[in-house]
Amino acid sequence: MISGAILAGGQNRRMGGKMKALLRLDGQLFIERQLAELSQLCSEIIIVANEPELFEAQLAWPHAQMRIVPDKQLGKGPLAGLQAAMAAVTHSEELWVVACDMPYASAEAAQVLLGQLRSGARHGGHDLALPLIAGRLQPLHAIYHRRCLQAIDQQLAEGRYRIMELVEQMDAIAVEERFFLERQIALDFVGNVNEPSDLAGLKNNSQC
């Protein structure tokens, strides 16, 4: 099994300060949905969050499997969250990373990504595998190898915070839509919620 990480350290400004990980869809917290998916592939799950008490109060999850850690660099975006997660993992060199605002995170999709990560010609496979859906790369539902950590540390130390810059400099493989559709995996696993209207749309769709 691999390790998993949920990045939940953002400031949630566009949601009016409401923590996205603790939003509900179909009676479940986003993060509960994600934990259920990650647990299918991951022997440990790291939640990167700067207010751990909010999660501890609401989550009933095996603590031997789940740990909550803070960002090492506050306010530096998802790249800093990725840094904190990679520094914390102990079970695997491969890390499935999910942003907390993706309620349809998919273990089946992650399995496809993992296979592509390991397909690299170099020893140990590619550095990361990420979906390419509707012409857009999705670095926040992706599989990373821990050898990315050195590049992340350097990038953050130099004040460069774009996660796509990391993608561009590493040996990344973009996994196209067809790999998922051929396996009948819905592409909504990359859908995310940025503001209240996005959440309302998901709730309306789930009732159809």
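The values are calculated or read from the model by the stated rules, or taken from the named source; none is laboratory data. Keep in mind it's a predicted model, so treat the numbers as computed, not measured. Using ideal geometry, Cβ is built from the backbone for each residue, glycine included, and neighbour counts are taken over all protein chains shown.
So here's what we get for this one:
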{"read-out": "Any hit, segment 35-53, residues being outside any loop (DSSP other than H, G, I, E, B) and modelled with pLDDT under 90", "value": "yes"}
{"read-out": "Residue check for I133: of a type in the set (A, V, I, L, M), more than 25 Å from L25 (Cα to Cα) and out of contact with any strand residue (DSSP E or B) (no Cβ under 8 Å at 6 or more places or on another chain)", "value": "no"}
{"read-out": "M86 vs. criteria within 20 Å of A8 (Cβ to Cβ), part of a helix (DSSP H, G or I), touching a strand residue (DSSP E or B) at 6+ places or on another chain (Cβ under 8 Å) and in contact (Cβ under 8 Å) with a residue 12 or more places away in the chain", "value": "yes"}
{"read-out": "First in segment 132-144 and in contact (Cβ under 8 Å) with a residue 40 or more places away in the chain and on the phi > 0 side of the Ramachandran plot, second anywhere and among the charged types (D, E, K, R) and not in a strand (DSSP E or B), Cβ under 9 Å, 6 or more apart", "value": "A134/E177"}
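Yes or no, residue by residue, for (1) closer than 22 Å to N194 by Cα; (2) touching a helix residue (DSSP H, G or I) at 6+ places or on another chain (Cβ under 7 Å):
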position: L79; (1), (2): yes, yes
position: M86; (1), (2): no, yes
position: T90; (1), (2): no, no
position: V97; (1), (2): yes, yes
position: D101; (1), (2): yes, yes
position: Y104; (1), (2): yes, yes
position: A109; (1), (2): yes, yes
position: L113; (1), (2): no, no
position: I152; (1), (2): no, yes
